[in-house]
1. Just for the Cα atoms in the stretch 158-295, what are the lengths along the principal axes, largest first, rounded to whole Å?
2. Give the Debye-formula value of log10 I(q)/I(0) at each listed q (0.28 Å⁻¹), with one equal scatterer per alpha carbon of the stretch 203-247, two decimals each.
3. How many angstrom lie between the Cα centre of the stretch 110-146 and the Cα centre of the stretch 285-313?
4. Based on the Cβ-Cβ distance of S313 and I361, what FRET efficiency does E = 1/(1 + (r/R0)^6) give at R0 = 22 Å, to the nearest 0.05?
5. Mind listing the phi-derived Karplus ³J(HN,Hα) values for the stretch 255-267, rounded to whole Hz, using 6.51, -1.76 and 1.60 with θ = phi - 60°, and x for any glycine or proline?
6. Could you tell me which of rounded, prolate or oblate describes the stretch 259-340, using a ≥ b ≥ c as the square roots of the eigenvalues of the alpha-carbon gyration tensor, with rounded for a/c under 1.5 and, failing that, prolate when a/b is larger than b/c and oblate otherwise?
7. Does the stretch 226-304 come out rounded, prolate or oblate, given a ≥ b ≥ c as the square roots of the eigenvalues of its C-alpha gyration tensor, rounded meaning a/c under 1.5 and, failing that, prolate meaning a/b above b/c?
8. With each run of n ≥ 4 DSSP H residues scored as -39500 (n - 2.57), what mean residue ellipticity at 222 nm is computed for the chain after dividing by its residue count and rounding to the nearest 500 deg cm²/dmol?
Amino acid sequence: MSSGSAAADVAVVRVEVEQAYDVNVGSGLLHSLLPEVVSQSQVALISDETVMAAHGHGVVEALTAAGKSVLPLVVPPGEASKSLVRYGALLEALAGASLPRDAAVVALGGGVVGDLAGFVAASYLRGVAFYQAPTSLLAMVDASVGGKTGLDLPQGKNLVGAFWQPRAVVADVNALRTLPAHEFRQGTVEAFKHGLLAAPDLLAALGPSWAPDAPSGRLAAVVARNVAIKAAVVAADEREAGVRTHLNLGHTLAHALETVSGHSLAHGDAVAYGLVYAAIVGRRRGYADLVGRTLEFLRWVAPRPLPRADFASLLAFMGRDKKVAAGRLRMVLLEDVGQPVVVADLTSDELAAAWAELEGIA
Ligand code: GLY
């Protein structure tokens, strides 16, 4: 990680994929650095209604002041916007405005906006330049880095998509100041997951004083640390043929819970349950006992209640997960903190027993 971009106090993490790019983390970057890094003169700015009202108008002004022609496109907030219908409407808006191939799509918002706008960028005119300007903690520490884009289908989450790396990511930690506490905790779940996978020091940094009103330097340091962890994994395995699978810790159950709840359970909440579930499955296999630690974290997250789904429907959704290979469900577990392992010999009895245990304690 290094400092020294045009704006002061910017932490820069390089993501060394085939077309390497920088993730810039700091304060006030939406107005200072973003217009500098977007080199194209025509820009489609995709955001949601909430983020547009809070930050979008200032960003449009800054991009316009830098000489760009900006087409703002706004979708409703929430997972329901990651739909084929919304995606089609955005493509038609770009085509209707005759946006050319040398234009850029900029995603301004959280993970939903980034996934949706990224897939628009990946597919419009067979692919145009893409930039991520994440405004939620979840998008800063996870979704905006690594090039995964996608949409949901009624059959499951993220079942349509493409790898489409951004040209740059600009994470302005000032945007975190206005995040509701519950949303801030959603992002903290992915940071906690990174800590469990690779960085026990990060777990300590996510203590009681970790909140949206923490000093900017601390917010930026924790975001940059997470980005560095994720960037290393993505650089080693851009297309998820190997170690990138580890980032799915907690996500096998989480995606199923999100789908059965009709997406009323937020992603971070679902992953927080998924981390406890993975710990239960792991303990039952004789791995380190991380149930207490993940459960304590789950209580701090204070998620919406666990959906009372029957196990057969959950298993059906888990079976449709992208991590299924050769008909076998694969799940990431932890032999211990910092020691992820992918297991492919899970039985449905084992998974059902762990679900029953989770229902009993969550
Ligand atoms: N969020 C998991 C990944 O980007 O691979």
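1. For the stretch 158-295, the Cα extents along the three principal axes come out at 41, 36, 32 Å.
2. Debye intensities relative to I(0), on a log10 scale: -0.92.
3. If you average the Cα positions of each part, the centres end up 29 Å apart.
4. Values: r = 21 Å, r/R0 = 0.95.
Plugging the Cβ-Cβ distance into 1/(1 + (r/R0)^6) gives 0.55.
5. Whole-Hz 3J(HN,Hα) from phi for the stretch 255-267: 5, 5, 5, 4, 5, 5, 7, x, 6, 6, 8, 6, 4.
6. Details: a/c = 2.02, a/b = 1.08, b/c = 1.88.
Here the stretch 259-340 falls in the oblate category.
7. Numbers: a/c = 1.75, a/b = 1.27, b/c = 1.38.
Note, shape of the stretch 226-304 comes out oblate.
8. On the way: 13 runs with 150 residues, N = 362.
Mean residue ellipticity, 222 nm, calculated: -12500 deg cm²/dmol.
Bear in mind that the values in this text are calculations on the coordinates, not laboratory data. Please read all numbers here as calculations on a predicted model, not as lab measurements. Using ideal geometry, Cβ is built from the backbone for each residue, glycine included, and neighbour counts are taken over all protein chains shown.
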